[in-house]
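One structure below.
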Amino acid sequence: MNGDFIWRDAGRTVVFRRNGVAQATQLLREHEFEPFDLLTTPRGLAAAPELGAAAAGVHIVPAGSVPELAATLIETAASTSLVAFGGGRTIDVAKAVASATGARVAAIPTTMSGAEMTRIHRLPVGSESGVASMVRPALVVADPAAMTSQPEAELRASAMNALAHGADSLYTPFANPVSEMTALRGAELISTSLDQRREERSPAPLALGSLLCGYAIDSAMFGLHHVICQTLVRVCGTPHAETNAAILPRALALLLARVPDRLVDFVAAIATDPEDVEARVLELGGNPPGLGALGGDRDRLGSALDSMIARPELAFMPDPPDRAELEQLIESAW
């Protein structure tokens with residue numbers, strides 16, 4: 001299904017609509033997101049000035065760490081409704097602010113980060129304790145053209161992040177028939193779309209694949225791959241999507257050695273076999289640069305490995321790797 005649709009699920013509404021950004025102000029009004037504060041970037045504000053004009057307040061989200069960025073906005077983003085128009089960092093900041101203030105969040109994604117579909121995010125500095133619950137956006141305006149608007153290299157990196165959501169969700173203790181179904185269908189849509197030349201590619205299947213894989217990881221959580229990538233981003237300073245693209249081929253190879261039965265259908269969904277999965281995912285990701293070329297601080301790798309070993313989510317996979325195996329995997333992607 002590649003046409004427009006509305007998906008209602010457990011208090012959340014996903015509006016998948018071509019020209020959704022152009023209709024966002026109307027959709028926000030229809031779903032009672034007025035008044036609202038807008039969290040966005042300069043690029044986002046330039047792309048949708050009508051959103052800025054309709055907002056009670058506009059907050060530009062710069063580069064930086066989500067906990068620190070969210071902490072600076074808790075007092076100033078004062079509306080009971082927050083609208084995040086941007087990539088994963090912008091949406092995660094809105095969710096983090098809302099976790100402390102109780103605001104509702106609407107997300108209008110401009111990448112395939114999947115943040116719009118999950119209640120997975122970090123908390124504002126100073127709010128790590130006493131927060132009632134994590135926040136999942138109540139409204140998602142998914143415009144396929146906006147979600148797939150990045151330049152090709154960045155788009156493929158973002159798509160590997162989305163593909164990793166599907167892969168990581170398949171082997172955790174929380175995997176279930178619905179998360180498995182959405183992960184596999186999402187992976188198939190992503191891989192099939194990326195096999196097409198950009199000028200021939202419809203944005204709808206790629207965007208839908210991202211939403212489905214985001215749904216899967218929200219339902220079933222994550223393990224090895226995201227433990228590695230999240231930690232590298234936070235400790236070694238590598239960029240988020242590109243880190244996923246560099247690590248995913250190697251993480252899948254390790255996972256297939258540990259849990260082949262849980263990933264055999266995923267391998268088929270991306271049109272390859274277990275022996276060729278690393279090469280296939282490198283191809284889908286556009287043969288991404290290594291972590292060193294991405295600006296990773298190798299001197300902090302030891303600290304990153306210590307943090308990975310301490311992460312409880314690492315135990316969500318059977319027979320988790322030890323520190324030496326993690327180091328070997330990361331070195332292979334450096």
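The values are calculated or read from the model by the stated rules, or taken from the named source; none is laboratory data. This is a predicted model, so every value here is computed, not measured. In this analysis, Cβ positions are derived from the backbone assuming ideal geometry, glycine residues included, and neighbour counts consider all displayed protein chains.
Going by what's in this entry, would residue 28 be described as more than 21 Å from residue 204 (Cβ to Cβ), without any contact (Cβ under 8 Å) to a residue 60 or more places away in the chain and either part of a strand (DSSP E or B) or touching a helix residue (DSSP H, G or I) at 6+ places or on another chain (Cβ under 8 Å) (or both)? In short, no. Within segment 3-39, the only residue that satisfies the criterion of being within 21 Å of residue 72 (Cβ to Cβ) and either surrounded by fewer than 12 Cβ atoms within 10 Å (Cβ to Cβ) or out of contact with any Ser or Thr (no Cβ under 6 Å at 6 or more places or on another chain) (or both) is 38. The set of residues in segment 168-186 that are part of a helix (DSSP H, G or I) and in contact with a Phe, Trp or Tyr (Cβ under 6 Å, 6 or more places away or on another chain) comprises 168, 182. Residues that are assigned to a helix (DSSP H, G or I) and either surrounded by fewer than 23 Cβ atoms within 10 Å (Cβ to Cβ) or without any contact (Cβ under 8 Å) to a residue 40 or more places away in the chain (or both) within segment 195-207 comprise 198, 199, 200, 203, 204, 205, listed in sequence order. The requirement of being touching a residue at least 12 places away in the same chain (Cβ under 8 Å), farther than 28 Å from residue 198 by Cα and exposed (fewer than 14 other Cβ atoms within 10 Å of the Cβ) is not satisfied by residue 311. Of all residues assigned to segment 45-59, none qualifies as being closer than 20 Å to residue 239 by Cβ and not in a loop (DSSP other than H, G, I, E, B). For residue 100, the stated conditions do not hold, so it cannot be described as among the hydrophobic types (A, V, I, L, M, F, W, C) and under 21 Å from the mean Cα position of the chain (by Cα).
Number of residues in segment 149-187 that are farther than 14 Å from residue 281 by Cβ and not polar (S, T, N, Q): the value is 18.
Which of the residues belonging to segment 240-281 are among the β-branched types (Val, Ile, Thr), farther than 21 Å from residue 330 by Cβ and in a helix (DSSP H, G or I)? The answer is 264, 267.
Of all the residues that make up segment 122-145, how many are out of contact with any Pro (no Cβ under 7 Å at 6 or more places or on another chain) and under 21 Å from residue 28 (Cβ atoms)? Adding up the residues that qualify gives 8.
Would you say residue 60 is free of Cβ contacts under 8 Å to residues at least 40 places away in the same chain, in contact with a Ser or Thr (Cβ under 7 Å, 6 or more places away or on another chain) and in the same structural domain as residue 135 (by TED's automatic domain parsing)?
Working: free of Cβ contacts under 8 Å to residues at least 40 places away in the same chain: yes; in contact with a Ser or Thr (Cβ under 7 Å, 6 or more places away or on another chain): yes; in the same structural domain as residue 135 (by TED's automatic domain parsing): yes.
In short, yes.
On the basis of being over 17 Å from residue 223 (Cβ atoms), assigned by TED's automatic domain parsing to the domain that holds residue 161 and either part of a loop (DSSP other than H, G, I, E, B) or of a type outside the set (A, V, I, L, M, F, W, C) (or both), does residue 318 make the cut? No: the conditions fail for residue 318.
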